[in-house]
Each structure stands twice: as structure tokens, then as C-alpha cells.
Amino acid sequence: MSNYEFKDYDFEKPSFLHIILDSTLMNLLAPFIYGKYYDTFNLKGDEKVLDFGSGGGLGARELAKRLPYRGELWCVDTSTYWTNKAKKRLNKFKNVKFYVGDIKNKDIPKGYFDVITINAVLHDITPAQRQEVIMNLVKKLKQGGKLLIQEPIEPSHGMEIKEIQLILNNANLKEASHSVKRSAYQGVYVDR
Ligand SMILES: C[S@@+](CC[C@H](N)C(=O)[O-])C[C@H]1O[C@@H](n2cnc3c(N)ncnc32)[C@H](O)[C@@H]1O
């Protein structure tokens, strides 16, 4: 039996500490932390990118900076609270769209995205729902596109690497590479 715990956070009602950290320390550090990670994507700047579970937009802002040549960024999240934060944070970027709700949304086209990024989201989805959510998400990926995922892997707050790999393999993707850095798994997935 897995010793991994699932913590059900209410992303509509974040703690006071979370709100303060998001607008101060994390806001200052985002260009370094998220920026360094997104540099590994080697974006040319004209890609169509879907940021799944974009939250308050700290990472999305770094992605938007890396898409200056007619690239598109689509931010999808189930939380109205965090999407409103992200909208404010990214208001100067004209090539960003926001969707609140289910990834199955028909306005998010299938087979459209060159890159899908998932950063610290899958572990926050109920274990029973993870596979179905990923199945629907992968439908949005263009043939030959890439899915890049980073998830915490600590038992107290994270997922087992083999569960992440299994879910993505079941969605017909194969792991092209992976690394483990500071209690996080980073994987790059491509079509089988
Ligand atoms: C820990 S935050 C990460 C936010 C952002 N990716 C980042 O790295 O700053 C997890 C986010 O996933 C979102 N989320 C949880 N379940 C989701 C789902 N089924 N579809 C889309 N977003 C979801 C939450 O609302 C929250 O904003």
C-alpha cells in the first residue's frame, strides 16, 4: 500500500500566509525559480503552450515572456480566485487566454498545442480523478507535441514517480527523459 497522503486543498480559499507569500517572496523569486525551469523547454517563441493548473500565474508570466514571436499561452485552472490573480499579473501580455474550469471545455481545441506544461498540479487532483483528467488533457496536444511535467514527490505532499509515469503512459505518451531535483520529479513526454 502506498504511504503517500492526499491533501485536499481549497484553492478558492487560500490561507493568509499563501496569499502573502504569493504576492511577495514568490513573486520576486519567480523569474529565477520558474524561469530557470522554463528555460529547459528551449521554446523558440512561436509555440502554442497550454499551462495546465496555471494558478496565480507566477509560472505563466515566465512562459509568456518566452513566447514573443506570435506564440500563444492558454492558462487553464479550476480556481476562480487564482485565475483572477493570474489575469492581473499577466495583463500586459496580449497573447494569453484564461479558462476557469474543466479541461474538457470545448473552447480549448483538441490537437492544438505544441507544448503542455503541468507544474505542481497532478498531486493536487484526487487520486481517483488523475487518470481521466490526464486522458482529456493529452487530447489537446498536437501530434508530435511535448508534455512537460514537474511534481513534488515527498510522501507528505506529492506523488510517487511510478504513479506519474503510469498515468502518462496510459495516456499514450512515453517518457523521453526525466530528472529528480530537490524532491521534485521533472519529466518530458512525447507521443508513442
Ligand atoms: C500548487 S498550485 C500550482 C500553480 C502553478 N502551476 C504554479 O506552479 O505556480 C495547483 C493549481 O492546480 C489547480 N488545479 C487543481 N485541480 C485542477 C484541475 N482538475 N484542473 C485544472 N487546474 C487544477 C489549482 O486550482 C491550483 O491553482
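The values are calculated or read from the model by the stated rules, or taken from the named source; none is laboratory data. Model, not experiment: these values are computed from the prediction. Note that we place each Cβ from the backbone using ideal geometry, even for glycine, and neighbour counts take in every protein chain shown. Side chains included, ligands, DNA and RNA excluded: accessible areas come from the protein's heavy atoms. Shrake-Rupley method; radii C 1.70, N 1.55, O 1.52, S 1.80 Å.
Annotations
- Straightening the chain between Asn169 and Lys92 buys 24.0 nm, computed as 0.36 nm per residue apart minus the Cα-Cα spacing.
- Relative contact order [Cα under 8 Å, 6+ residues apart], region 16-191, whole percent: 17
- In this calculation the C-beta distance from Lys181 to Gln143 is compared with R0 = 25 Å, giving a FRET efficiency of 0.25.
- Accessible surface of region 2-76 [probe 1.4 Å, protein heavy atoms]: carbon and sulfur percent: 60
- The chain: DSSP helices with Cα axial extent of at least 20 Å and average Kyte-Doolittle hydropathy no lower than -1.0: 25-39
- Over region 129-176, accessible surface divided per residue gives 46 Å², non-protein components excluded, 1.4 Å probe.
- Cross-link pairs exceeding 31 Å in C-alpha to C-alpha distance, out of Lys87/Lys174; Lys85/Lys181; Lys44/Lys104; Lys142/Lys162, comprise Lys87/Lys174.
- Alpha-carbon centroids, region 118-141 and region 80-95: separation in whole Å: 22
- Each of Ser23 and Tyr9 was given a label point 7 Å from its Cα along the Cα-to-Cβ line. The distance between the two points is 1.8 nm.
- Solvent-accessible area assigned to carbon and sulfur over region 138-179 amounts to 48 percent, based on a 1.4 Å probe.
- Between Thr40 and Arg192, the simple spin-label model (points 7 angstrom out along Cα→Cβ) gives 2.5 nm.
- Helix-only CD estimate at 222 nm, as mean residue ellipticity for the chain, using -39500 (n - 2.57) per DSSP H run (n ≥ 4): -10000 deg cm²/dmol
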